[in-house]
Every structure is written in C-alpha cells, then in structure tokens.
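Peer 1: Sharing a structure here in structure tokens format.
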Amino acid sequence: MSNDLTTFSRRRLLVGTAAAAALGGFPAIVRAQAKEIVVGGAAGFAPWMNGTVAQAFEAKYKTKIVYEGSRSLVNLEKMQKNKDKQYLSVVMMDDPVMILAVKEGLLEALTPATVPNLAKLRPGTVHMDGMWANYLQPWQGIAYNTKALAGGFPAWADMYDPKFKGRLVIPSLQNTEGLANLVMAAAIETGKPIDQAQFEIEAGFKKIKTLKPNILTIYTQIPQAMNLLEQGEAWAIPSQFSSVVIPREKEAPIKMSAPKEGIFVGPAGVCLVKGGPNKEMALALIDMLLSAELQDKLQPETYAFPSNTAAKPPVGLAADVKVHNLDWAFVAKERGEWVKRWDRDMAM
C-alpha cells in the first residue's frame, strides 16, 4: 500500500471505499498505484521472464511484472472467464490458441505506431493483421539422458525401437509440443514429406498407438517430465522445447538432440489483452520483447529463433538444420477432436 493511502483518515477511507467499489474494488486501485502488470505465459518461461525480462523492464519503466506461468489453454480460459473485467495485460501463448482468442474477441491488434519493433520482424511472424506477433520461437527436438544414451538420439524414427520399452516420456496432445510427435508418426507411416504428412492425421494416430509399449508416462506438466528425465527413469522426451532443456544441460545429465529429420519451430506469440489494465505499459513490454536488444540478451537462456531481423542468429544449431513449421490454422480447427481421440486412444 502506498504512503498516500496510509495517510488517509478513517473517514476519508470509508468515503473512498464507495468510489473504489464502483471501479471494481479497492484492491484494484492499490494494484494500479503500485505500477505493475500481470503477464500470463508458459510455466517454463518463468526463469527468464522473472529474471532478464523483468529486470530490464522494471529498470526502464519502473513497473513490476507479475508473471503467471501455466499453459496456453489455461491462459485462454483466464481471459474467457474475465472478459468483462480482465486482470491480465499481456499474454504469451502458442499460435493455435491465439487464433481461438482472436475469434472470441479477447485480443487488441498491435500496430507499428503503438509497437515500433513490429515493423522490424521477419516475414511470417506478425499474424492476423497484428493481433499477435512471435517474439522468440523455441525449437523442438528430442531431449535425452546422456548417461542412458551416450550416443544421443539421432532420429525421430528411433523412438519406435523396442529398446526404449517403458523409457520414453511424451507430451499429451493438450500440450502444443505434443503435435510434433503426431506429425512425425504420420510422416513415418505414410513416407510423405513432413509438410505434407502433417495433414495425414489418421495415419499419425495409427502409428503413434504402436508407441505405447515404449511410453513410461504421458505428461501435461513439463516439470514432471523433466524430473523423470534428469533422474534417468526416463531416457528421452521426444518433442521437447529447446528453451526448457538447453539451460539445464550444465546442471543435469541431459542434452537436446536435433534429429536428422529436422526440428520443429514452436511459434511463441505475444499479444495485448483487450480491456486489460495499464495498456501503455503492456504495449511497452510487448515492444521490448520484440526488440533485437532483448532477444539477443535472451539467446543464452532460451536458445530460440529470434523474430527481429536485427537480432543475432540462433545458437546451438547447425546452419543446415531442417526446420519444419506446422499449419497452425489447420491445427486450431482440428485440435479439439484430436485431443479427444488422443485421450481415448493413448490412455495408459
């Protein structure tokens, strides 16, 4: 509570309470005076959002970032439930979920006038007339335990080898990183290139069901999966984010593999919540996330593709690595039914 508020007399406070109620409650006024914005994003982003980003933003704007780490669909639910009185100002979600948020009128478009760095981004990183933009794009490969697999994990197709019986942990299809495994299953089953196989979902389900003997568990929470991998109970996590694994390589016996079939780029988006509080600071944060300066600072922590054309190229990957993008509009349209089928077909 600010010093100004503590000097109120009891009488003035009682009078002010009535006005505060009309504005949505006294705590909201306290939060506004405290100069902070609430940001929703992935749980795995918390270390660098609460570290590098928060420090840079608070130093420049004297505004605190309150970061709520969860999952994209959870962030969508928060915006849906609070549509008439949003408390989130900025949300970082996967592109398929962004599409759903746009359809429900939950986002406000970004423009170069309000977010200058929007004009400096690579083609294909600004979506639906500015409804959201990609800031850093973590890549997806295979995380493995170096003690269990000294030779690494060279190919996606290897995950079907019987030697991995009960040793693989894979993401649920509820998680965006889970889509790569389904697409790779379709590519293996059909023999088609990945950009074509991603539409052969029936073949994908047919193949991935044969993986069940090799699965130790299917996760929805990344920390749970990483604990199993670091302890060696799991040998590998096919389809995991670089931003989750690489920062842990110096502390745990794990490593990230870029398989010979290539990697997947997970387009991470940032958006402005329509009707969210402290809009000016929300736009400032989005602009900072899209800046070459901050994206360069985040490279050692995220190991992700930058979106700003002036930012340094990604580190830790071969120059000729094959990079695969999914058709996120197709995913957004079909994902609900895929998740239902996944829950039915892949129940352990």
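The values are calculated or read from the model by the stated rules, or taken from the named source; none is laboratory data. Quantities reported herein were computed from a predicted structural model and do not represent experimental measurements. As a convention, Cβ positions derive from the backbone with ideal geometry for all residues, glycine included, and neighbour counts pool all protein chains shown. Accessible surface is based on the protein model in full, side chains and every heavy atom, while ligands, DNA and RNA are left aside. Shrake-Rupley method; radii C 1.70, N 1.55, O 1.52, S 1.80 Å.
Peer 1: Of the conditions (1) farther than 22 Å from Gln137 by Cα; (2) open to solvent by 10 Å² or more (accessible area, probe 1.4 Å); (3) not basic (Lys, Arg), Phe205 clears all except one; give me its number.
Peer 2: If we test Phe205 against (1) farther than 22 Å from Gln137 by Cα; (2) open to solvent by 10 Å² or more (accessible area, probe 1.4 Å); (3) not basic (Lys, Arg), just (2) comes out false.
Peer 1: Another question, if that's okay. Do we find that Gly178 is in contact with a strand residue (DSSP E or B) (Cβ under 6 Å, 6 or more places away or on another chain), in a loop (DSSP other than H, G, I, E, B) and open to solvent by less than 30 Å² (accessible area, probe 1.4 Å) in this structure?
Peer 2: Answer is no for this residue.
Peer 1: So, Phe241, is that one surrounded by fewer than 24 Cβ atoms within 10 Å (Cβ to Cβ) and of a type in the set (Phe, Trp, Tyr) or not?
Peer 2: Here the answer is no, as Phe241 does not meet what is asked.
Peer 1: Here is a follow-up. Given the criterion part of a helix (DSSP H, G or I) and hydroxyl-bearing (Ser, Thr, Tyr), identify the matching residue among Thr217, Thr210.
Peer 2: Thr210
Peer 1: A follow-up question, please. Just give me the residues in the stretch 285-297 being among the aliphatic types (A, V, I, L, M) and surrounded by fewer than 19 Cβ atoms within 10 Å (Cβ to Cβ), in sequence order.
Peer 2: The one that is among the aliphatic types (A, V, I, L, M) and surrounded by fewer than 19 Cβ atoms within 10 Å (Cβ to Cβ): Ala292.
Residue by residue, here is whether (1) within 17 Å of Ala268 (Cβ to Cβ); (2) out of contact with any Phe, Trp or Tyr (no Cβ under 7 Å at 6 or more places or on another chain); (3) open to solvent by 20 Å² or more (accessible area, probe 1.4 Å); (4) without any contact (Cβ under 8 Å) to a residue 40 or more places away in the chain holds:
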site	(1), (2), (3), (4)
Ala101	yes, yes, no, no
Gly105	no, yes, yes, no
Thr114	no, yes, yes, no
Val126	yes, yes, yes, yes
Met131	yes, yes, yes, no
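Peer 1: Can I ask one more? Taking the conditions exactly as written (in contact with a Lys or Arg (Cβ under 9 Å, 6 or more places away or on another chain) and at pLDDT 95 or above), does Glu249 satisfy them or not?
Peer 2: no
Peer 1: Hey, Thr52 hits all of (1) in contact (Cβ under 8 Å) with a residue 60 or more places away in the chain; (2) within 21 Å of Asp287 (Cα to Cα); (3) out of contact with any Asp or Glu (no Cβ under 7 Å at 6 or more places or on another chain) but one; which does it fall short on?
Peer 2: Only one criterion in (1) in contact (Cβ under 8 Å) with a residue 60 or more places away in the chain; (2) within 21 Å of Asp287 (Cα to Cα); (3) out of contact with any Asp or Glu (no Cβ under 7 Å at 6 or more places or on another chain) is unmet by Thr52, namely (3).
Peer 1: Just checking, which of Glu280, Glu261 is of a type outside the set (A, V, I, L, M, F, W, C), over 30 Å from Phe205 (Cβ atoms), modelled with pLDDT of 95 or more and open to solvent by 10 Å² or more (accessible area, probe 1.4 Å)?
Peer 2: None of the other options fit; the residue is Glu280.
Peer 1: Something else about it: Taking the condition of being in a loop (DSSP other than H, G, I, E, B) and either at positive phi or open to solvent by less than 70 Å² (accessible area, probe 1.4 Å) (or both), how many residues in the stretch 328-348 meet it?
Peer 2: Of the residues in the stretch 328-348, 2 are in a loop (DSSP other than H, G, I, E, B) and either at positive phi or open to solvent by less than 70 Å² (accessible area, probe 1.4 Å) (or both).
Peer 1: Can you tell me how many residues within the stretch 298-327 are open to solvent by 30 Å² or more (accessible area, probe 1.4 Å) and not acidic (Asp, Glu)?
Peer 2: Residues that pass the stated criteria total 18.
Peer 1: Given the structure, is Pro96 modelled with pLDDT under 95, in a helix (DSSP H, G or I) and surrounded by fewer than 22 Cβ atoms within 10 Å (Cβ to Cβ)?
Peer 2: no
Peer 1: Continuing with the same structure: Could you tell me whether any residue of the stretch 61-81 is more than 19 Å from Pro277 (Cα to Cα), assigned to a loop (DSSP other than H, G, I, E, B) and modelled with pLDDT under 95?
Peer 2: Yes, the stretch 61-81 has at least one match.
Peer 1: So which of Ala119, Ala157, Ala150 is open to solvent by 40 Å² or more (accessible area, probe 1.4 Å), small (Gly, Ala, Ser) and touching a residue at least 12 places away in the same chain (Cβ under 8 Å)?
Peer 2: Ala157
Here is a yes/no grid of residues against (1) open to solvent by 20 Å² or more (accessible area, probe 1.4 Å); (2) more than 18 Å from the chain's Cα centre (by Cα); (3) among the polar types (S, T, N, Q):
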position	(1), (2), (3)
Leu229	no, yes, no
Glu233	yes, yes, no
Glu251	yes, yes, no
Ser257	no, yes, yes
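Peer 1: Let me ask something else about it. Got a sec? Which of Lys255, Lys192, Lys250 is touching a helix residue (DSSP H, G or I) at 6+ places or on another chain (Cβ under 8 Å), under 22 Å from Ala150 (Cβ atoms) and outside any helix (DSSP H, G or I)?
Peer 2: Lys255
Peer 1: Ok, one more. Ala113: within 16 Å of Met281 (Cβ to Cβ), small (Gly, Ala, Ser) and out of contact with any Leu (no Cβ under 9 Å at 6 or more places or on another chain), yes or no?
Peer 2: No, not satisfied.
Peer 1: So, one more: Which count do you get for residues in the stretch 108-155 that are outside any loop (DSSP other than H, G, I, E, B) and within 26 Å of Glu251 (Cβ to Cβ)?
Peer 2: 10
Peer 1: Please find, among Gly152, Gly130, Gly141, the residue that is in contact with a strand residue (DSSP E or B) (Cβ under 8 Å, 6 or more places away or on another chain) and on the phi > 0 side of the Ramachandran plot.
Peer 2: It is Gly152.
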